[in-house]
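All remarks here apply to the structure that follows.
The values are calculated or read from the model by the stated rules, or taken from the named source; none is laboratory data. Just so we're clear, the structure is a prediction, and the values are computed from it rather than from any experiment. Every residue, glycine as well, gets a Cβ built from its backbone with ideal geometry; the counts of neighbours run over all protein chains shown. Calculation scope for accessible area: heavy atoms of the full protein, side chains included, ligands and nucleic acids excluded. Shrake-Rupley method; radii C 1.70, N 1.55, O 1.52, S 1.80 Å.
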Amino acid sequence: MDAAFSTIAEADIDKHIPVAQGLITRFSQIVTGRAQSNTELAGTRRRFVSTVSTGQARSTNQVEFANTVSAIADDDAMLPPDLHGLIWKARRGVAVALAVADMFAERTGLDAMTRKNVAGELSGQDADAFRAQLESAAYVAAFTACAYLLQKLPEEGEPASDVEEVDFLFDTPQDALKGLIAALDAAVAQATDGKAATARMREAARLALDALLVRRSRFGALAAFETVHLRLESDGFELNGFDVAPGTKRSKLVMQFKQPDEIIGNHIAKYQSIKLAKMLMAYDFERQLNPFVDLGGFLFTFIGDGAPGTGKTILIQMVAGMINDFCEVAGYGFSYENFGVDQISSYQGKSGQNCKEFINSVMNPKTIGFGTIDDIDQIAAKRSDDRASAGQQEVTAVLMESFAGAKTVVRGNCSFGMFSNHPENVDDALRQRAGARWLVDGPQTQDDYIDIFALLAGKNHEIPLGDHDLFEAQAIQKAVSQAYETLSKPQEEGLLAVYERFLDEIGEPKTLADIGSYLHRIKLAEPRFTGRAIKNITDAIKMRAMDIELPDEWFEKPEVFMHNSYDEKRNMIAELRSPFTMDMVMQEINRYADSEFRYSDQSDDAAVEDIIRRERQRERAVGEIGRMKDEGRW
């Protein structure tokens with residue numbers, strides 16, 4: 001199979017419905033060493049477990065999955081929707097799996113080998129190859145069914161801890177699927193209601209998928225499935241090789257979290273990071289919308305730039321740590337993903353698929369998400385860079401479409417951060433899709449350097465502090481206020497010249513027309529200052545209007561704020577906001593425009609250095625050629 005999109009046809013699924021119906025209705029399974037009886041103990045759903053060893057015994061197990069699910073609602077002749085959905089999804093998953101196994105057989109030649117085997121024409125090495133191919137097809141069928149169930153079953157409640165692993169038999173696709181259905185049957189048999197049955201069935205599918213991934217190396221004919229990309233449009237089901245299906249159980253986030261008081265300097269970036277973490281927790285899962293998106297000021301994308309060692313990594317650790325802590329209090333799922341260079345593939349189309357999976361995982365509306373792309377300049381290439389790999393170009397295209405494309409929907413449950421030491425190397429259009437610019441410049445003042453040394457040195461010494469108020473310069477409100485005041489006047493020389501000419505000719509801005517005139521002058525000096533830049537600035541201004549400090553008490557107990565209805569949360573937030581001022585407008589214009597001029601200057605400096613380096617090489621080459629001519633070697 002190639003890496004191109006392939007559609008699973010409904011007709012191919014329909015022809016397997018009778019077999020799938022038979023598997024979920026009733027089949028016999030031969031098991032080895034089964035100590036559990038088929039007979040339930042009176043008055044319970046538990047079965048008798050013998051204390052006698054039966055390791056070598058073989059028995060037949062009758063599996064009736066549909067009846068097992070139906071028995072959960074034994075007091076009602078009509079199945080409720082959630083239980084009926086479990087039966088339907090199991091049958092659908094089996095039918096889809098058999099259809100995919102058929103596609104695998106066609107692409108690998110297994111179907112032709114099957115016809116020869118039926119005619120008795122296979123023997124020796126051909127028979128061994130046929131057996132290996134058939135086992136691989138069984139593996140593909142089981143993997144597909146597990147992936148389907150994990151994508152289609154809702155993730156509700158805590159997963160069960162007593163679900164048993166699957167006993168797979170890979171003789172044929174149907175045998176492999178029998179093992180999966182038997183495991184689902186055993187898991188659901190212990191459920192008391194539809195919610196528990198869903199959680200147990202999902203956990204059984206997850207354990208089955210884990211078991212399959214462990215066994216993957218045992219099957220030698222799976223190479224044809226590595227780069228497959230299948231899609232079932234009607235169900236929204238996608239299959240990307242052996243990538244773990246979206247929605248599978250995620251392990252607990254393991255990261256060296258940082259607290260805000262462990263970050264010295266970077267006052268505006270740190271302040272907006274704290275606001276972002278609290279802002280995400282206002283998301284309403286029922287409405288699937290965040291009041292900050294409705295009221296304005298939600299930070300969907302941002303880019304942080306600064307020299308190496310200025311604190312970009314610990315800023316990521318701080319944001320992820322705060323969101324993770326808030327989600328644990330509220331009982332929400334939290335998805336943190338980082339897209340790195342290891343996900344750039346040499347296979348055509350695979351890098352784009354990996355990036356899209358990263359985007360979809362973070363944007364899952366059923367969880368709170370935070371996605372980061374560290375060293376974005378190495379991962380996403382400029383479209384004009386002919387030295388960039390095809391994978392880097394694919395990633396650039398996916399990020400541009402996902403961050404501000406025609407189908408982009410901002411719900412307010414997630415945010416994406418791009419970080420770079422060289423943002424001037426990022427494609428202009430992609431960089432402008434970052435709604436906010438965070439200058440991560442690290443410690444700046446003398447107080448900052450005293451504070452950071454005292455923090456990192458620890459307490460294993462008796463050296464006196466001296467004449468200094470430790471960490472007073474890091475008081476967030478005071479530090480941010482001072483940092484914003486510096487933005488009333490541009491910091492970059494190019495923008496400062498535009499600003500001073502504007503003041504000389506027009507004076508201090510007082511009207512919207514004055515602001516528009518200033519923006520137009522910036523456009524004339526920096527052509528990349530486009531309409532998208534204006535949108536990003538107005539979004540930042542709205543965010544400043546929402547520059548409210550959500551009380552910490554709102555996040556200590558979920559019922560105070562996080563578990564309120566959407567309208568209640570919206571009203572609580574709206575009461576705290578205030579109108580923006582001219583000072584805020586000018587500060588945000590200067591902050592954003594400063595970044596564009598800074599990127600241009602850095603790009604120009606890099607180009608100049610490259611020209612100088614080439615000229616030096618040329619002069620050296622001319623000298624070497626002259627010496628070679630003198631020596632008769634040229």
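Of note:
- Taking the C-alpha atoms only, the angle from helix 531-545 to the longest principal axis of the chain is near 90 degrees.
- Theoretical FRET efficiency, 1/(1+(r/R0)^6), r = Cβ-Cβ of Asp12 and Glu226, R0 22 Å, to 0.05: 0.55
- Put simply, when 431-439, 11-19 are sorted by average Cβ atoms within 10 angstrom per residue, most first, you get 431-439, 11-19.
- A cut-off under 13 angstrom between Cβ atoms defines the neighbours of Gly124, and their net charge, with Lys, Arg +1 and Asp, Glu -1, is -1.
- A Förster radius of 60 Å, combined with the Cβ-Cβ distance separating Arg616 from Glu575, puts the computed FRET efficiency at roughly 0.40.
- For the chain, the longest principal axis of the C-alpha atoms and the axis of helix 476-486 are separated by about 50°.
- 0 to 90° range, to nearest 10: angle between helix 350-363 axis and the chain longest Cα axis: 80
- Hits among lysines - C-alpha to C-alpha of Lys489 under 17 Å, sequence gap 8 or more where chains match: Lys510
- Of all accessible heavy-atom area on the chain, the percent that carbon and sulfur account for (1.4 Å): 51
- Correct option for Rg/Rh (Cα atoms, Kirkwood Rh) [calculated from the coordinates] among (i) 1.24; (ii) 0.99; (iii) 1.07: (iii)
- Each residue, Glu164 and Val560, gets one label point 7 Å from its Cα in the Cβ direction; the gap between the two is 4.8 nm.
- Summing Cβ point charges (Lys, Arg +1; Asp, Glu -1) relative to the Cα centre of the chain gives a dipole of roughly 1680 debye.
- The candidates Met628, Met279, arranged from most to least accessible area with a 1.4 Å probe in the full protein assembly, appear as Met628, Met279.
- Both the radius of gyration and Dmax for region 115-217 are 16.4, 53 Å, in that order, over alpha-carbon atoms.
- Cα extents of region 347-450 along the three principal axes, largest first (Å): 50, 39, 22
- Farthest towards the positive end of the charge dipole of the chain, among the residues Ala137, Ala406, Leu495, is the Cα of Ala137, using unit charges on the Cβ of Lys, Arg, Asp and Glu.
- Highest-first packing order for the peptide set 198-209, 138-149 is 138-149, 198-209, based on the mean count of other beta carbon atoms within 10 Å.
- You can think of it this way: the chain between Ala127 and Arg115 has 3.1 nm of extra reach, that is 0.36 nm per residue less the Cα-Cα gap.
- Extending 7 Å from the Cα toward the beta-carbon at both Ser234 and His84 defines two label points whose distance is 1.7 nm.
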